[in-house]
Amino acid sequence: MLEMALLALGLFGLWAGTELVIPATITLGRRRGISSTVLGLTVLAIGTDLPELLVAVDGGLQQLRGIDASGVVVGNAIGSALTQCTLVLGIAAWARAKAFSPQLAVRDAIALSLALALIAVLGLDARFDPAEGLVLLIAYAGYLTIVIRGRAAETVVRERPQGRETRTYLAIGGGFLLILFSAEVVVANGLALAAAWGVDQGLVGVLLVGAGTSLPELVLSFGAATRGQTTLSVANLVGSNVFDLLVPIGASAMIHPIEVAGHTLVVDLVATAAAHLLAFQLLRSHWPGRRIAAALVGLYLAFALTRIAMST
C-alpha cells in the first residue's frame, strides 16, 4: 500500500533529521555558552513544533473557506501535548533508565499547569475567538521570556570552534527542514489511511494528527536521551508541551474563531492534565526509568482506547 510505504519513509526522514540537528545544536550551544536547558526549551521545542503550528494555521485557513476544521486544530494541539507527556516521555525514559532530573520538574510543571488552566478557562464558552487567541500567544511569549532570562545565566563552559561553523548551521537548518517535511509526509499519509478507515475528525485530531506531529519530539528526545543529553531531552518535551497548548490554538483562533466540542474539555483536556500530573510526579520520584516508561505508555494506551471506544 502506497500510504504505508510513504509513512515508513517519513519515519526514516525524522530519524535522519534528528541525527543532523541534535549534535549540531549541542555543538553550537556549547560554542556560544548556552545551556542545554535553554536550547531544549526554546530552539528545539519551537523547531519540532512547526508541524503542529502549520496544521493549526492550515485549519484556520480552512475555516475561512467555510470548512470546519476545529476538531483537527484543537485535537491536534491537545493530542500532541498528551502524546509527548506520556508516550514520548515514556519512550525516552525507556531509552535512558536514569535520564531525568527531579529538579527540572517543579517550575516547568507550574508553567504547564497554567497553560492547561488558561485553555480550560478560555474554552468554557466552547469557542476560541481572535481576542482569546491573542491572549494565548501573549502568554507563550511571556513564558519564553521568563525561560530565557531565568536560565541564560546558567554556568556553561564555552568550547572553541573546531572547523567552520557554516557546516553546523547547515546541519541544523537542513535537519529541521527534513524533520518538518518528513512530519508532513507522516501526517498526510496517516490522514489518508484514517479517511479510508472512516475515522471521525475529532479522533483524527487528538490521536492520529496529534501523535503524528509529535514524531519530531519523539525522535529528538529519544536521540538526546540515548546520547546522555538528559536536560536537553526533558527540556525539549516541556517546551514543546507549553508551545502546543498555547501557540497552535492561538494562531488558528487569530485567523478564524474555533468551536470547541464539549468532550474536548471534558475528556481530552482532563486526560492531558492527569497525564502531566502523573508524569511530573513520577519524574520527581525514585522509580527506575523503565517503570516510569511503562506507566506513561500505559496511560497513553488507556486514553487512546477510551477515545476510540467513544467514537464507535
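Every number here is computed from the coordinates shown, using simple stated rules; none is lab data. Given the structure is predicted, the values throughout are model-derived calculations rather than measurements. Please note: Cβ atoms are built from the backbone with ideal geometry, for glycine as well, and neighbour counts cover all protein chains shown.
Laid out as a table, the results:
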| read-out | value |
| --- | --- |
| Segment Trp15-Ile110, length gained on full extension (0.36 nm per residue, minus Cα span) | 31.1 nm |
| Extension gain, Thr166 back to Ile67 (0.36 nm per residue minus Cα-Cα distance, nm) | 31.3 nm |
| Förster radius 25 Å - calculated FRET efficiency between Ala192 and Glu259 (Cβ-Cβ, nearest 0.05) | 0.50 |
